[in-house]
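These notes are about the structure you will find just below.
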Amino acid sequence: MEYKISDKMINIKPSAIREIFKSLTDPEVISFAAGNPSPDAFPVKQISELSKIVYEKMSILSLQYGISEGHTPLREKIEERLKSKFNIDKNGNTLLIITGGQQGIDLTSKVMCNEGDVIICETPSFIGALNSFKANGAKPVQIDMDNLEKLEEALITYKNAKMIYLIPTFQNPSGSTMSLEKRKAVLELAKKYNILILEDNPYGELRFRGEEIPTFKSLDKDGLVVYCSSFSKIIAPAIRVGYISAPSELASKIIVAKQGSDVHTNMYFQLICDLFLEKFDIDEHIEKIRVLYKDKCLLMLDEMQKKFDNLGIKYTSPDGGLFLWCTLPENIDLAKFVKTSLERKVAVVPGGAFLADENEASHSFRVNFSYPSNEQIITGVDVLAQVAREMM
């Protein structure tokens, strides 16, 4: 039969990152493309111990339906942790367990946006969010957040703007972090123009150098911020357990949207996360991840300094997270560079994947330092430098 795809889905392309995953079945490929945590960061032993507890003492609870809001003891522990680590107060807010941070992005845009409404985003920005916004009928408009005059201009221009979507700490894909001064200025603009901020913070606990910067949510006194995070980068991504702290009036609608999506988040892994917070020192576990990622990031930066600087390739120097953002000289064709690199068994993500309009010109690409081994980092950077040198 002829399938008549909906208008909101017909022009949405598959995530370039998820498509690149298909090429990574080749064990010879060095993947700088995925956003995967290091396998060395997974607390396998602890999860094995907790699984035994769940199956021996909580088997029925783990296999039965749960409430849409999430497992209550887990919610309470997360609220306590948000208060102690990020100074996020639960007063006036409701915390909800979601199926990974991606669902938080999706449900918030679904609740907030009518067909054709605008969501203002950074450029570049997370492809998963951009696709989710489009799938919900919203239009992502990307601006350079380094220029807050551009943000205010967009807020004035787009009367139907419903949200500002930001990854302010160790941004995906750039690795950059927004300063406290700029966060306060953005929050003032949001208050002035009565617009919601969706703060996506999956990497915030992965700082390995520099000073902590308060979250938007901790600075918010006017119910302007929905805070979204997950256990994907600090325990494991496959468990798909995330959470939202949202103003209670808005949270009630997000729950209704979730009930129409997946009813509730996987109970087994909610129990695993709850027990992990109860029986293990998660801060000690995170500190080990920070040390691991610091070593990997500094190794990659050192290799890039030796091999990229004389080629005119620019790159960011993050203080945490998983990613670096590289920009080629304008005389190098990005598409050919990415294709040739993959042929030589090194995968990166082209910058166009992080733009609302993938046809927009880009000379940048994203690399991930958390997943590859140290040996792969050294080899992979060398291959990228060779390809760039030949193309110059």
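The values are calculated or read from the model by the stated rules, or taken from the named source; none is laboratory data. Quick caveat: nothing in here was measured; it's all calculated off a predicted structure. No Cβ is skipped: glycine too gets one built from the backbone with ideal geometry, and neighbour counts run over all protein chains shown. Note: accessible area is taken over every heavy atom of the protein model, side chains too, but ligands, DNA and RNA are not part of it. Shrake-Rupley method; radii C 1.70, N 1.55, O 1.52, S 1.80 Å.
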Search result, residues across the range 82-116 that are assigned to a loop (DSSP other than H, G, I, E, B) and either in contact with a helix residue (DSSP H, G or I) (Cβ under 9 Å, 6 or more places away or on another chain) or buried (at least 24 other Cβ atoms within 10 Å of the Cβ) (or both): 87, 88, 89, 90, 92, 99, 113, 115
Could you run through the range 338-361 and say how many residues are open to solvent by 10 Å² or more (accessible area, probe 1.4 Å), aliphatic (A, V, I, L, M) and closer than 16 Å to residue 32 by Cα? 2
Go through 205, 249 for me and flag whichever is under 18 Å from residue 84 (Cβ atoms) and either touching a Pro at 6+ places or on another chain (Cβ under 6 Å) or acidic (Asp, Glu) (or both). 205
For residues that are crowded, with 19+ Cβ neighbours inside 10 Å and over 21 Å from the mean Cα position of the chain (by Cα), scanning just the range 161-194, find the one that is farthest from residue 221 (Cα to Cα). 161
Check the range 367-379 and report whether any residue there is without any contact (Cβ under 8 Å) to a residue 40 or more places away in the chain, under 24 Å from the mean Cα position of the chain (by Cα) and open to solvent by 30 Å² or more (accessible area, probe 1.4 Å). yes
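Conditions tested, residue by residue: (1) free of Cβ contacts under 8 Å to residues at least 40 places away in the same chain; (2) of a type in the set (A, V, I, L, M).
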{"position": "209", "(1), (2)": "no, no"}
{"position": "222", "(1), (2)": "yes, no"}
{"position": "226", "(1), (2)": "no, yes"}
{"position": "229", "(1), (2)": "no, no"}
{"position": "236", "(1), (2)": "no, yes"}
{"position": "242", "(1), (2)": "no, no"}
{"position": "247", "(1), (2)": "no, no"}
Condition check: outside any loop (DSSP other than H, G, I, E, B), at pLDDT 95 or above and more than 21 Å from the chain's Cα centre (by Cα). Does residue 67 satisfy that? no
Top-ranked residue of the range 33-58 - restricted to ones that are more than 27 Å from the chain's Cα centre (by Cα) and of a type in the set (D, E, K, R), ranked as nearest to residue 206 (Cα to Cα): 49
Which listed residue is modelled with pLDDT under 95 and open to solvent by 40 Å² or more (accessible area, probe 1.4 Å), from 24, 61: 24
Taking the range 235-258 and keeping residues open to solvent by less than 10 Å² (accessible area, probe 1.4 Å) and in a loop (DSSP other than H, G, I, E, B) leaves 235, 241
Of (1) part of a helix (DSSP H, G or I); (2) open to solvent by 60 Å² or more (accessible area, probe 1.4 Å); (3) modelled with pLDDT of 95 or more; (4) more than 25 Å from residue 108 (Cβ to Cβ), residue 335 fails just (3)
